[in-house]
Structure formats: structure tokens, C-alpha cells
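Visitor: First the structure, then my questions, so here it is.
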Amino acid sequence: MSRAQQAHGDVWLDDGQQESWRAVVGLLTVLPAALDSDLRRTAGLTLFEYTVLASLSEAPRRTLQMSALAARASASLPRLSHVATRLEKRGWITREVCASDARATNAMLTTSGWEKVAAAAPHHARAVRDLVVDALSPSQFQQFGIVAERIRRRIEGRTN
């Protein structure tokens, strides 16, 4: 153990933890890139654009306040606003002032946007199945989801 490790106690990862952490970082790098590349090639959408459209497609009346949509898409409002402008120009969403809160803006999926996401969804689901689901046993995949949710909640708990 180096002097730095002795001085900082349990801050450092042991060899097994370091190996696992590197695997996590590698997955966080390659998986979004692979899904993004696949969606660009097959649907002409980025992964983030698809996430926005899919989130709206699952919402009541296919409408969400921009702040709620940002939360669902794990994005900042400025990033979402930039992408929403692109999606509006393509005719896939519209935005308007929220009737119940004039300070808020709603994003609404158009019929064209619904058709776009509906056409992209089966291929995206196949890619997710191929890259992630089928790489694990059913119990491993369930545990993977539990672990991912636990980490997400811990992170959100620190930022809220």
C-alpha cells in the first residue's frame, strides 16, 4: 500500500472493485454509443431524440410538461429545449404554454411523431434485446435492473 493509500484509508478501490468499476465505465461508454448508432442508421434518430419521443408516446394524451419530460429523459432543460426545437422542425412534436400553469410549457407528440416512434420502436427493442437482455440470464437481467435503479436513486438523492 502506498503512502497515498495509507493516508486516505478506504477511499481507494481494491483490485476486484477496480476491475468491476472499469467494466461499468466501459459499458456506460459503449452501450449508449451502440444504441445511438443503431437508431441513427435505422430510424434517423439519435438515442436522445428517440427517448424524448418514446417518453411522450407513453404519457397521457401524449403530452408532458417540459420539466417532467426532462426528468424522464435524464436531461437538462436547455438540452431538451434544443432537441425539442429540432423535433418541432421535423413536425414530430409541438410545444405550447401549459393551460394550468402559464409558467410551464407542454410538449405534445404529433401524429407524425407517433408514427416515427412507432416505426422505430420494434427495431430499437430488438437492439436492446440483442445487446443487453440476451447477454444475461433472466435473473441476472432482473438483478441488473435492480442495481441500476438503486444507483440512480442514490445519485438523484444527492442532486435533489
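Visitor: Could you grab the pairs with beta carbons closer than 7 Å, sequence gap of 6+ or different chains, first residue in the range 124-138 and in a helix (DSSP H, G or I), second one modelled with pLDDT of 95 or more and hydroxyl-bearing (Ser, Thr, Tyr)?
Guide: Listed pairs, sorted by first residue: 124/50.
Visitor: Can you find even one residue in the range 33-51 that is within 13 Å of the chain's Cα centre (by Cα) and loosely packed, with under 13 Cβ neighbours inside 10 Å?
Guide: Yes; the residues of the range 33-51 include at least one that is within 13 Å of the chain's Cα centre (by Cα) and loosely packed, with under 13 Cβ neighbours inside 10 Å.
Visitor: Another question about this same structure. Give the residue, chosen from 129, 41, 72, 95, that is within 30 Å of residue 26 (Cβ to Cβ), in contact with a strand residue (DSSP E or B) (Cβ under 9 Å, 6 or more places away or on another chain) and charged (D, E, K, R).
Guide: Just a single option satisfies the conditions, and that option is 72.
Visitor: While we're here: Could you list, ordered by first residue, the pairs with Cβ atoms under 7 Å in which the first is in the range 22-34 and touching a residue at least 12 places away in the same chain (Cβ under 8 Å) and the second is surrounded by 11 or more Cβ atoms within 10 Å (Cβ to Cβ), at least 6 apart or interchain?
Guide: 31/131; 32/47; 34/131
Visitor: Is there any pair with a first residue in the range 100-120 that is in contact (Cβ under 8 Å) with a residue 24 or more places away in the chain and surrounded by 13 or more Cβ atoms within 10 Å (Cβ to Cβ) and a second that is among the β-branched types (Val, Ile, Thr) and in a helix (DSSP H, G or I) whose Cβ atoms are under 8 Å apart and which are 6 or more apart or on different chains, and what are they?
Guide: These pairs meet every condition: 107/52; 109/117; 120/42.
The values are calculated or read from the model by the stated rules, or taken from the named source; none is laboratory data. Just so we're clear, the structure is a prediction, and the values are computed from it rather than from any experiment. Glycine gets a Cβ as well: all are built from the backbone with ideal geometry, and neighbour counts include every protein chain shown.
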